[in-house]
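The values are calculated or read from the model by the stated rules, or taken from the named source; none is laboratory data. Owing to the predicted nature of the structure, the values given are computational and were not obtained by experimental measurement. Here Cβ is always computed from backbone atoms with ideal geometry, including for glycine, and neighbour counts include all displayed protein chains.
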Amino acid sequence: MAGELIGLAITDEGVAALVEPGTTGRVVDIREVARIEAEESPRWVWWNKSTARQLVEANIRPGRCWDLSATHRLIFGGWNSGPEQIWALLHELDATTIPTRVPVNLFSQAVDSGDPNEPVGPDGHLRPEWVEGEWNNTADRALRWADLAVMAQQLQVPLIHSEATVFSESACELLCAEMEVDGLPFELSVGESIVAGFVGPRPTTAGEANAELARRDAEVLQHLPAGSTFDLRSPDQVKSLLRRVGIEVPDTRAWRLETLRDAHPIVEPLMAWRRAERILTTFGFQWIDDNIAANHPSGHSRLHGSWSGSDGAAGRMTATVGLHNMPAELRPAIAAEPGHVFVRADLGQIEPRILAAVARDPKLAAATQEDDMYAPVAAQLRVERDIAKVAVLGAMYGQTTGKGAEALRGLEREYPVAMDYLAAAERSAQGSHDLRTYGGRLVRMSSTNTNEVSERDARSQAAARGRYGRNAMVQGAAAEFFKTWAVLMRARGRTLGAQIVLCLHDEVLIHVPEQNGPDAAALLDRCLQEAAHRWAPRDQAGHQPVRFVSDTSIIRRWSEAK
């Protein structure tokens, strides 16, 4: 029956151990997993994303799963969610006593901890050798590992706050495994040309590389008296350089230099130097060589990084190799493959809309009916739109000074339900009380600083916790909503050949055959409405009062997105 639970562990040799609750389980070839998925569509239970990745690499893409690691992070918060932590906390064991395997030497000796073929030691913890992979040694051990996964799932069930969130967070880990394996389409020749435009042609020797560095330094230093030498890679020396030309700055942040473009001819080349330096050190030729492979089945290049469905804090997705902070200059290299297009969508004003939903503020919900919800808020506050926007964002981020401060008082008057929601989160966080998002993720706010601090520092730390807490309640719920939207599109878009290749905060990029682009764009909007129906709170009449919108377009290069 669809949705029935099956515990799953896959060995390195492709042997799959399957355990249904209340059974002894069976061992099958991984191809049998594909048949079961196609015919029965169960909900697979596994320890973490590594099993999902094994399936994806075998060209098996399940529809349903229960990821123990993702669920653990929902229940207990934080990032650490290995099998040893999952097992310990579910059995109310002290996590600080989780055993580790220490090599035997002259200063230590092996401790007899019972039968090594048993996964659980006399202390109740999982044996470290099993956690480190020895469950993989035999088919019988793999069966025990899958059985333990089912046992852990049964223990998690009464602790979860929302089954729907567990399902979407688990499916998001599946999506992460797919994005890791599939990669992001990357036009190699364009990418190399962009890098070369900033840092010069690809060097073939160390001497050529050093000469190119000297050339770029000289383009900045030529605006100083002859013989001047400054290390442009040192912020302190850059401050000294600017002081030499009469510019005094507390720091050399990009936004500050931007305001000084006309102060001296050296500022413009200095900013260009910094852009090139970032490309060279973070997104240069070495980055291309390390992370972009041409081994995708399509025969085209793909950028491969690691993905996680949760950052361990409020629950936003994370990625490595620059997938989440790629400079705009490189986006032209993110190109759909021949015969394909990208469908790109960005959720509009998602955090204030989420605030209206989770706070259940009817007046703020009414503002979300407009494409630009800041316009009716501005009219209500009798201020300019930009002031209203600053005030709303300031309220969510805990900023109570600046040009939005007076409008913030207006928000408290006109939208008391939403403002009280944020204030309650701030008070709780200031008091070091943990929070839970609308979807049930624990956000740890309890203080771990046991050192004595001054009263002033204690107040400062409490204020910082308060600001973080009020934002985490909105940002965390927004992350849950986004992931619900993304995994719905993952499930619904299969018949169109739609492949999610990038999730960037509130933005999704989908690679799809060109003829299916319009249908995929329409489906993405329907998935947004379905996500709102499934996820967002209802009013007393059972209606979903908050409107969610997205800016959706069909493009060939990521750089074409507005």
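Structural remarks
- Neighbours by Cβ (under 6 Å, 6+ apart or cross-chain): first from segment 230-248, of a type outside the set (D, E, K, R); second exposed (fewer than 15 other Cβ atoms within 10 Å of the Cβ): PHE230/GLN237; GLN237/ASP231; ILE247/ALA263
- Looking across ALA254, ALA226, one residue alone is in the same structural domain as LEU270 (by TED's automatic domain parsing), more than 40 Å from the chain's Cα centre (by Cα), aliphatic (A, V, I, L, M) and loosely packed, with under 12 Cβ neighbours inside 10 Å. It is ALA226.
- Restricting segment 177-193 to residues that are crowded, with 20+ Cβ neighbours inside 10 Å and over 15 Å from HIS511 (Cα atoms), the residue that is modelled with the lowest pLDDT is GLY191.
- Here segment 485-541 is the region considered, the condition is being surrounded by 21 or more Cβ atoms within 10 Å (Cβ to Cβ) and more than 23 Å from ARG61 (Cα to Cα), and the residue that is farthest from the chain's Cα centre (by Cα) is ALA536.
- Set LEU381, LEU330, LEU323, LEU280: member being assigned by TED's automatic domain parsing to the domain that holds VAL549 and more than 30 Å from SER81 (Cα to Cα): LEU330
- Residues that are closer than 19 Å to GLU370 by Cα, in a helix (DSSP H, G or I) and of a type in the set (Gly, Ala, Ser), drawn from segment 532-562: ALA532
- Scanning segment 401-408 turns up no residue that is over 23 Å from GLY469 (Cβ atoms), surrounded by 15 or more Cβ atoms within 10 Å (Cβ to Cβ) and small (Gly, Ala, Ser).
- Selection from segment 44-67 of residues that are in a strand (DSSP E or B) and not hydrophobic (A, V, I, L, M, F, W, C): ASP67
- Yes/no for VAL392 being assigned by TED's automatic domain parsing to the domain that holds ASN471 and either in a helix (DSSP H, G or I) or under 16 Å from ARG353 (Cα atoms) (or both): yes
- Residue that is of a type in the set (Phe, Trp, Tyr) and closer than 29 Å to ARG557 by Cβ, where the choices are PHE230, PHE186: PHE186
- For segment 424-448, the set of residues classified as in a helix (DSSP H, G or I) and in contact with a Gly (Cβ under 9 Å, 6 or more places away or on another chain) consists of ALA425, GLU426, ARG427, SER428, ALA429, GLN430, listed by residue number.
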